Amino acid sequence: MEKLLVLYSSRNGQTRKIIEAMQDEFSGYDVEVADLHGPIRKNLSKYDKVLIGASVRYGHFHRDLYTFINVHSEQLAAADASFFCVCLTARKPEKADPGNNAYIKKFLTKSPWRPRTIGVFAGALKYSEYNWWQTRLIQMIMKMTGGSTDTSRDLEFTDWDKVRDFARRLTGKR
């Protein structure tokens, strides 16, 4: 059975939730999932495929993502490795295209790794989980970008069909 390593960086759990939605498409693989915010000691050459998913918060990926990539850049370059980004700007169709997404462009500028496949998915606004300062900052960002500033409910923008389609492409089921 082929082996798939799935690594993720998630702030409020939406990236992990996206990976969980992909799991049904990973049948036929021995899947290992690990949080990039913990100690990761992996020999990537032992996996047939590697998938890394990371969320954007306040315009940036977590530094642990870049640390992992910098340490493992040679192994990632040799692996069948893919990447996806989770961000609120992807709620707009034109920003959900990796070629038009500013965070993907920034990632490719900062990272020595060039993923074989890249995806972008809209995340979720979880106002109920933010502290007062986070709420105000995110409200300001949402106001500037034409998004919801209503803190009375959480909003999920993820296109689950797109998520499953991406997972099928990775596994060759499409």
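The values are calculated or read from the model by the stated rules, or taken from the named source; none is laboratory data. None of these values were measured; they are calculated from a predicted model. Reconstructed Cβ throughout: ideal geometry from the backbone, glycine too, with neighbour counts over all protein chains shown. When the accessible area is computed, the model is the full protein with side chains, heavy atoms only, and any ligands, DNA or RNA have been set aside. Shrake-Rupley method; radii C 1.70, N 1.55, O 1.52, S 1.80 Å.
Brief remarks follow.
- Simple spin-label estimate for residue 58 and residue 71 in nanometres, 7 Å along Cα-Cβ: 2.4
- Hz values of 3J(HN,Hα) by residue in segment 73-81 - Karplus curve (6.51, -1.76, 1.60), Gly and Pro given as x: 4, 5, 5, 5, 4, 7, 8, 7, 10
- For the chain, built as a Gaussian network whose Cα springs stay under 10 Å, the top-fluctuating residue of 137, 76, 108: 137
- Counting Lys and Arg as +1 and Asp and Glu as -1 over every other residue whose Cβ lies under 12 Å from the Cβ of residue 146, the net charge comes to +4.
- Evaluated with a Cβ-only charge set (Lys, Arg +1; Asp, Glu -1), the chain carries a dipole of roughly 500 debye about its Cα centre, given to the nearest 20.
- Calculated [θ] (222 nm, deg cm²/dmol) that DSSP helices of n ≥ 4 give over the chain, each run adding -39,500 (n - 2.57): -10500 deg cm²/dmol
- Total lysine pairs under 16 Å (Cα atoms) in the chain, excluding pairs fewer than 8 apart on one chain: 14
- Karplus-derived 3J(HN,Hα) values for segment 112-124, using 6.51 cos²θ - 1.76 cosθ + 1.60 with θ = phi - 60°, are x, 8, 10, x, 5, 10, 10, x, 9, 10, 6, x, 9 Hz; glycine and proline are entered as x.
- The portion of the accessible surface of the chain made up by carbon and sulfur, rounded to a whole percent, is 48 (1.4 Å probe; DNA, RNA and ligands excluded).
- Whole-number accessible area per residue in Å² for segment 53-96, which is evaluated in the context of all protein chains at 1.4 Å: 43
- Positive-end extreme of charge dipole, segment 1-149 - chosen from 96, 76, 33 (charges on Cβ): 96
- The H on the amide N of residue 6, modeled in the peptide plane, is under 5 Å from the matching H of 32, 33, 34, 51, each at least 5 residues off or on a different chain.
- Computed accessible area, residue 20, all protein chains, 1.4 angstrom probe, square angstrom: 100
- Solvent-accessible heavy-atom area per residue, rounded to whole Å², over segment 111-174 at 1.4 Å: 59
- Per-bin percent of Cα-Cα distances, segment 1-151 [5 Å]: 2, 9, 18, 21, 20, 14, 8, 5, 2, 0
- Length released on extending from residue 161 to residue 149, taking residue separation times 0.36 nm less the Cα-Cα span: 1.7 nm
- Springs between Cα atoms under 10 Å define the GNM used for the chain, and in it the highest mean-square fluctuation of 27, 152, 128 occurs at 152.
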